[in-house]
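The values are calculated or read from the model by the stated rules, or taken from the named source; none is laboratory data. Worth saying up front: this structure is predicted, and the values here are computed from it rather than measured. A quick note on method: Cβ atoms are made from the backbone with ideal geometry, for glycine too, and the neighbour counts reach across all protein chains shown. The area values use the complete protein model at the heavy-atom level, side chains included, leaving out ligands, DNA and RNA. Shrake-Rupley method; radii C 1.70, N 1.55, O 1.52, S 1.80 Å.
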Amino acid sequence: MSDHVPKDNPYQPHLARIVRILPQIPDHRLFQLRFEDEEVARNFKHRPGQFVELSVLGTGEAPISISSSPTRPGVLELCVRKVGRVTEALFRLPVDSLIGIRGPYGNGYPVEEMEGHNLLLVAGGLGMAPLRSLLWYAMDNRSKFKDIILMYGARVPGDMLFKYELLGLLDQPDITCLLTVDRDDTGRWPAHIGVVPKLFDKVELDPKTTIAAVCGPPVMYKFVLQKLLERNFSKDHILMSLERKMKCGVGKCGHCAIGYKYTCLDGPIFTYWDVINLPEVV
Amino acid sequence: MKIVTLSKSNLLPFLEASRSFGELHAPLKRGEKSCAFAKVEDLADIQVGCLRTILPPKKYFMPPEQTMFAFSPQGYVPVNEEEGKRYVLFGLHPCDIHGIKILDLVFSGKYTDTYYFERRKHVAIIGLDCIPDQHCFCNSMGTYFTEDGFDLFLSDIGDRYMVMVGTSLGDDMVNASHHLFGEVDERAKEEFKRRSNARREHFAVDVETWGLPEIFDLEYESDLWKDAGDKCLSCGACSMVCPTCYCYDVLDILELNAQQGARKRRWDSCLFKDYALVAGGHNFRKERSSRVKNRFFHKQRGFVAEYGRPACTGCGRCIEACPADINIIELITKLRSETHV
Ligand SMILES: Cc1cc2nc3c(=O)[nH]c(=O)nc-3n(C[C@H](O)[C@H](O)[C@H](O)COP(=O)(O)OP(=O)(O)OC[C@H]3O[C@@H](n4cnc5c(N)ncnc54)[C@H](O)[C@@H]3O)c2cc1C
Ligand code: SF4
Ligand code: SF4
Ligand code: FES
């Protein structure tokens with residue numbers, strides 16, 4: 001059927017098959033997908049921080065960040081939270097079902113410019129989804145980066161996305177992995193307790209050589225930004241990921257406009273400097 | 001550019017002949033004083049003197065509702081609602097043509113909107129000059145004149161039209177009825193210059209547009225936005241009638257068997273309440289004032305940053321259509337005076 005699809009139509013999704021579903025935490029699942037068309041699969045190249053438009057036949061589309069790293073091609077991983085029409089319909093689909101994917105869209109992280117720097121990744125909640133792509137990209141290109149520091153917080157241990165994968169990084173020598181929960185309701189949590197901004201007391205940061213990538217809920221941004229500014233981070237060295245309602249993903253439908261920018265084309269990754277100059281950011 | 005003349009008595013015969021290039025559409029009478037672009041059955045119905053149509057010609061390129069493709073459990077299949085259907089559109093004023101040029105900018109770029117350009121390439125455009133009324137400010141927006149964006153453009157020079165031939169298709173249309181056209185003589189040139197000047201002097205308003213982006217930045221918190229928000233009804237009429245508003249919504253429509261259906265898009269408006277609502281119920285523009293502001297800000301400030309020109313043609317349609325009397329000319333003028341007290 002895909003041979004009828006005009007190749008130049010940016011709105012026409014490509015068929016992808018759900019090859020595996022990994023339940024993460026309540027209402028969050030990691031979907032592993034593979035494109036049906038070999039050529040589409042081969043040509044799909046993304047950078048960390050980019051997103052796709054995911055279609056569930058008959059229900060609609062939603063923008064979802066790519067959680068897998070381009071250094072590990074083959075399957076595309078999307079970590080999805082069930083919140084509404086499309087995501088609920090997606091959660092009803094069994095393994096082997098067909099869905100639609102178009103993209104990748106958005107600017108993604110400027111990974112080339114980040115090379116040679118220390119990386120500080122700060123995530124809260126579902127904000128880990130796009131940062132996971134950057135994390136594994138950096139780990140797989142380890143020699144291109146200096147220190148890598150990950151700070152990630154969840155409410156309780158049972159709310160932490162990619163928990164086992166990240167716990168495995170705790171004793172790795174080439175990354176400083178700081179995981180925290182607001183509250184330990186298990187009594188067996190091996191890492192930190194407290195909110196994400198508190199983790200800043202645990203590390204030395206050189207603002208001149210470090211680029212920070214922050215992604216999480218609005219409340220977290222507020223306090224994390226404060227910490228970064230206290231440490232004299234340049235506003236250009238703080239990268240944030242913004243969320244907007246999106247319909248087209250390609251700069252046509254107008255929905256994601258913030259001030260002078262389209263989140264889908266100019267973002268979703270913005271520097272803090274860009275953001276403070278845009279109206280209606282939060 | 002190739003330029004010829006067409007005597008007024010030859011206009012209808014020419015339009016009749018142009019039907020071989022596509023289905024003829026032109027402004028036809030709708031209400032007491034209003035007209036709309038529609039299919040021409042009887043040439044005598046064409047309102048040659050019509051100023052602004054209710055809807056701009058964008059409806060031919062991005063219809064109010066459009067099917068993007070169909071789907072079944074096996075996947076997505078393209079549908080072409082009007083494959084290859086050709087139109088000849090007569091009677092577009094310079095601001096209408098600028099409106100289309102602005103849409104061309106939006107729908108091209110890194111990602112080409114195939115639906116828009118599929119229709120675009122099947123429409124022949126015959127422009128026609130006009131005399132402004134009190135709501136026109138195309139002189140201020142730099143759109144009262146156009147040197148491209150049409151196949152043919154007709155300017156009234158008394159008993160004849162001066163006809164600019166803009167494209168090879170326009171040339172074909174002239175050649176197909178060459179016996180109806182004449183040469184450009186000295187008298188025609190003189191009359192063209194005289195009428196161009198007279199037309200320029202006819203504008204009732206002159207909105208100063210220099211520095212507008214800065215003014216919008218400076219007056220971002222102005223109370224004028226709050227006043228406008230208090231009046232606005234969030235009806236979205238201003239967006240529907242605007243030649244440069246292009247926002248759309250996307251929806252999947254299922255057939256009764258819940259197996260097949262189609263993905264459609266339809267005109268949307270940033271004045272609607274749920275336009276900027278995201279997961280978790282957060283709305284980036286909950287207040288009506290922030291939505292009114294967003295519309296004007298995007299046109300006069302955001303679009304300039306993105307595309308190097310404002311997304312407003314000065315056609316005055318939003319002024320005429322607004323039930324709450326929100327007037328962009330007034331707003332711009334007041335904003336400017338706020339900045340310069
Ligand atoms: C760049 C980008 C990346 C993203 N990445 C991810 C990701 O990796 N994982 C992920 O899970 N999500 C991600 N999202 C968010 C995701 O796109 C949204 O959650 C999306 O809305 C889900 O679509 P849906 O159809 O399931 O929900 P919708 O049906 O759109 O509903 C979502 C929520 O919107 C609100 N809502 C919608 N309509 C109304 C209404 N009429 N009245 C009141 N409230 C309403 C409700 O609160 C509802 O819960 C991303 C978003 C962006 C912009
Ligand atoms: S904003 Fe108003 S005046 Fe400007 S192009 Fe749109 S409808 Fe016309
Ligand atoms: S037409 Fe007037 S009342 Fe209606 S949404 Fe636009 S500004 Fe508001
Ligand atoms: S999502 Fe349509 S313009 Fe950005």
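For segment A:195-244, what D do you get in µm² per second when you plug the Kirkwood radius from alpha-carbon pairs into Stokes-Einstein at 20 °C and 1.002 mPa s?
On the way: Rh = 11.3 Å.
It comes out at roughly 189 µm²/s.
Which value, in Å², gives the accessible area per residue of segment B:211-341 when a 1.4 Å probe is used on the protein heavy atoms? Could you put the intermediate results ahead of the total?
On the way: 5680 Å² over 131 residues.
Spelled out: the 1.4 Å probe surface of segment B:211-341, per residue, equals 43 Å².
Using just the C-alpha positions of the protein assembly as shown as equal point scatterers, what log10 of I(q)/I(0) does the Debye formula give at each q in 0.06, 0.09, 0.12 1/Å?
Log10 I(q)/I(0), no solvent term: -0.40, -0.82, -1.23.
Given B:Gly127, B:Val205, A:Tyr164, which one lies farthest toward the positive end of the charge dipole of the protein assembly as shown, if we put +1 on the Cβ of every Lys and Arg and -1 on the Cβ of every Asp and Glu?
A:Tyr164
Let me know the mean shielding of A:51-61 by other chains, meaning the per-residue number of their Cβ atoms within 10 Å of its Cβ. Please list the in-between numbers first.
Details: counts 0, 0, 1, 0, 5, 1, 12, 13, 4, 4, 4.
What the average comes to for A:51-61 is 4.
Mean shadow of segment B:191-324, computed from the convex hull of its alpha carbons, in nm²?
Working: hull surface 52.0 nm².
Mean projected area of the Cα convex hull: 13.0 nm².
Please list, short to long, the whole-number percent of alpha-carbon pairs of segment A:77-181 in consecutive 10 angstrom bins beginning at zero.
Calculated P(r), rounded to whole percents: 12, 39, 32, 16, 1.
Given the Cα atoms of segment B:1-157, and with Rh set as the inverse mean 1/r over their pairs in the Kirkwood sense, what is Rg to Rh to two decimals?
Reported Rg/Rh, Kirkwood definition of Rh: 1.00.
So, with +1 on the Cβ of K and R and -1 on the Cβ of D and E, and no other charges, what is the size of the charge dipole of the protein assembly as shown about its Cα centre, to the nearest 20 debye?
Values: 78 positive and 82 negative charges, 206 e Å.
Roughly 980 debye, rounded to the nearest 20.
Viscosity 1.002 mPa s, temperature 20 °C: give me the Stokes-Einstein translational D for segment A:130-282 in µm²/s, with Rh taken as the Kirkwood radius over C-alpha pairs. Write down the numbers at each step before the final one.
Numbers: Rh = 17.0 Å.
Translational diffusion coefficient: 126 µm²/s.
Give me the percent relative contact order of chain B, please, defined on Cα pairs under 8 angstrom at least 6 residues apart.
So the answer I get is 22 percent.
Percent relative contact order of chain A, based on C-alpha pairs within less than 8 angstrom and at least six residues apart? Can you show the working numbers first?
Working: 560 pairs, mean separation 47.3, N = 282.
Relative contact order for chain A comes out at 17 percent.
Considering only protein heavy atoms and a 1.4 Å probe, what is the carbon-and-sulfur percentage of the accessible area of the protein assembly as shown? Working shown, then result.
Working: 13730 of 27030 Å².
Summing carbon and sulfur atoms, their accessible area is 51 percent of the total for the protein assembly as shown.
Set Lys and Arg Cβ to +1 and Asp and Glu Cβ to -1, take the dipole of segment A:174-251 about its Cα centre, and tell me which of A:Leu205, A:Gly194, A:His237 lies farthest positive.
A:His237
May I ask you to evaluate 6.51 cos²θ - 1.76 cosθ + 1.60, the Karplus curve with θ = phi - 60°, for each residue of segment B:155-165 and list the ³J(HN,Hα) values in order in whole Hz, giving x for glycine and proline?
So the J values, rounded to whole Hz, are 10, 5, 10, x, 8, 9, 10, 7, 10, 8, 9.
Quote to one decimal, in nm, the extra length available between B:Val79 and B:Ile253 on full extension: 0.36 nm per residue of separation minus the C-alpha distance between them. The partial results should precede the final answer.
Numbers: separation 174, 0.36 × 174 = 62.64 nm, distance 1.42 nm.
Gain in length upon complete extension: 61.2 nm.
Over segment B:221-268, what per residue volume does the convex hull of the Cα atoms give, in whole Å³?
Values: hull volume 6.2 nm³, N = 48.
Dividing the Cα hull volume of segment B:221-268 by its residue count gives 129 Å³.
Just the number please: accessible area per residue for segment B:27-141, 1.4 Å probe, all protein chains included, in Å².
Values: 4440 Å² over 115 residues.
Ligands and nucleic acids excluded, the figure is 39 Å² per residue.
How many nm is it between the label spots at A:Ser97 and A:Arg142, if each spot is 7 Å from the Cα in line with the beta carbon?
With each label point 7 Å from Cα toward Cβ, the separation is 3.9 nm.
Just in segment A:183-248: which GluC sites (Glu not before Pro) are loop by DSSP and have at most 11 other Cβ atoms within 10 Å? Numbers along the way, then the final one.
On the way: sites: A:Glu204, A:Glu230, A:Glu243; in loops: A:Glu204, A:Glu243.
Qualifying residues, ordered by number: A:Glu204.
Could you tell me which of B:Ala26, B:Val40, B:Pro64 has its Cα farthest along the dipole of segment B:12-79 towards the positive end, charges placed at Cβ (Lys, Arg +1; Asp, Glu -1), taken about the Cα centre?
B:Pro64
Taking GluC sites (Glu not before Pro) that fall in a DSSP loop and have at most 16 other Cβ atoms within 10 Å as cut points, what is the longest piece of chain B between them? The partial results should precede the final answer.
On the way: sites that count: B:Glu32, B:Glu41, B:Glu81, B:Glu82, B:Glu83, B:Glu147, B:Glu183, B:Glu208, B:Glu221, B:Glu255, B:Glu287.
Answer - B:84-146.
Using bins 5 angstrom wide from zero, how does P(r) for segment B:201-250 break down, in % of all Cα pairs?
The calculated distribution, bin by bin, is 4, 13, 12, 16, 29, 17, 7, 1, 0.
Grab every C-alpha pair in chain A, bin the distances at 5 angstrom width from 0 up to the longest one, and report whole percents.
For chain A, the binned pair fractions read 1, 5, 12, 17, 19, 17, 14, 9, 4, 2, 0, 0 percent.
Compute the orientation-averaged projected area for segment A:164-207 from the convex hull of its Cα atoms and round it to one decimal in nm².
On the way: hull surface 15.2 nm².
So the Cα hull casts an average projection of 3.8 nm².
Select from A:Leu121, A:Leu199, A:Leu22 the residue whose mean-square fluctuation is largest in a Gaussian network model of chain A (Cα-Cα springs shorter than 10 Å).
A:Leu22
Near the amide H of B:Arg285, under 5 Å away, which other amide H atoms are found, from residues 5 or more places off or on another chain, if H is placed in the peptide plane?
B:Ala276
How far is helix A:128-140 tilted, in degrees, relative to the longest principal axis of the Cα atoms in chain A, given as a value from 0 to 90 rounded to the nearest 10?
With both axes taken from Cα atoms, the answer is about 80 degrees.
Calculate the radius of gyration of the Cα atoms of chain B to one decimal place, then report Dmax, the largest Cα-Cα distance, as a whole number, both in Å.
So, for chain B, Rg and Dmax equal 21.7, 69 Å respectively.
Counting protein heavy atoms only and a 1.4 angstrom probe, how many square angstrom of accessible surface do chains A and B bury in total, to the nearest 100?
Values: alone 13890 and 16940 Å², together 27030 Å².
For chain A against chain B, roughly 3800 Å² becomes buried.
In nm², what is the average projected area of the convex hull enclosing the Cα atoms of segment B:75-152?
About 7.0 nm², averaged over all directions.
Would you mind working out the magnitude of the charge dipole of segment B:301-341 relative to its Cα centre, with +1 at each Lys and Arg C-beta and -1 at each Asp and Glu C-beta, to the nearest 20 Debye?
Details: 5 positive and 5 negative charges, 32 e Å.
Computed charge dipole of segment B:301-341: roughly 160 debye.
Once the mean 1/r over all distinct Cα pairs of segment B:9-90 is inverted, what Kirkwood radius in angstroms do you read off? If you can, show how the numbers build up before the last one.
Values: mean 1/r = 0.0675 Å⁻¹.
It is 14.8 Å.
If you count only protein heavy atoms with a 1.4 Å probe, what accessible area per residue comes out for chain A, rounded to a whole Å²? If you can, show how the numbers build up before the last one.
On the way: 11960 Å² over 282 residues.
Per residue, chain A has 42 Å² of solvent-accessible surface.
Any idea what the relative contact order of segment B:159-284 is, in percent, if you count C-alpha pairs under 8 Å spaced at least 6 apart?
Details: 63 pairs, mean separation 18.7, N = 126.
Value for segment B:159-284: 15 percent.
Among the listed pairs A:Lys247/B:Lys101; A:Lys163/B:Lys264; B:Lys59/B:Lys299, which have their C-alpha atoms separated by more than 31 angstrom in this model?
Working: A:Lys247/B:Lys101 23 Å; A:Lys163/B:Lys264 40 Å; B:Lys59/B:Lys299 19 Å.
As for pairs spanning more than 31 Å Cα to Cα, those are A:Lys163/B:Lys264.
Suppose accessible area is computed on protein heavy atoms with a 1.4 Å probe; arrange B:Asp159, A:Asp159 from highest to lowest. Let's see the in-between values first.
Working: B:Asp159 90, A:Asp159 35 Å².
Heavy-atom accessible area, descending, gives B:Asp159, A:Asp159.
In debye to the nearest 20, how big a dipole does segment B:32-153 give about its Cα centre with +1 on each Lys and Arg Cβ and -1 on each Asp and Glu Cβ?
Working: 12 positive and 17 negative charges, 62 e Å.
I would put it at about 300 debye.
How large is the Rg to Rh ratio of segment A:1-112 when both quantities use alpha carbon positions and Rh follows Kirkwood? Kindly include the intermediate steps, with their values, before the conclusion.
Numbers: Rg = 13.4 Å, Rh = 14.3 Å.
With Rg and the Kirkwood Rh in hand, the quotient comes to 0.94.
Determine how many Å³ per residue the convex hull of the Cα atoms of segment B:246-341 encloses. Mind showing how you got there, number by number?
Working: hull volume 16.4 nm³, N = 96.
It is 171 Å³ per residue.
Can you bin segment A:161-243 into rounded, prolate or oblate? Criterion: square roots of the alpha carbon gyration tensor eigenvalues sorted a ≥ b ≥ c, rounded for a/c under 1.5, prolate for a/b above b/c, oblate for the rest.
Details: a/c = 1.87, a/b = 1.50, b/c = 1.25.
Here segment A:161-243 falls in the prolate category.
Counting partner chain Cβ atoms within 10 Å of every residue's Cβ in B:242-252, what's the average? Mind dumping the intermediate values first?
Working: counts 0, 0, 0, 1, 3, 7, 6, 4, 10, 4, 10.
What the average comes to for B:242-252 is 4.
In cubic angstrom, how much convex hull volume per residue do the alpha carbon atoms of segment B:144-227 span? Provide the component values of the computation, followed by the final result.
Numbers: hull volume 14.1 nm³, N = 84.
For segment B:144-227, the hull spanned by Cα atoms encloses 167 Å³ per residue.
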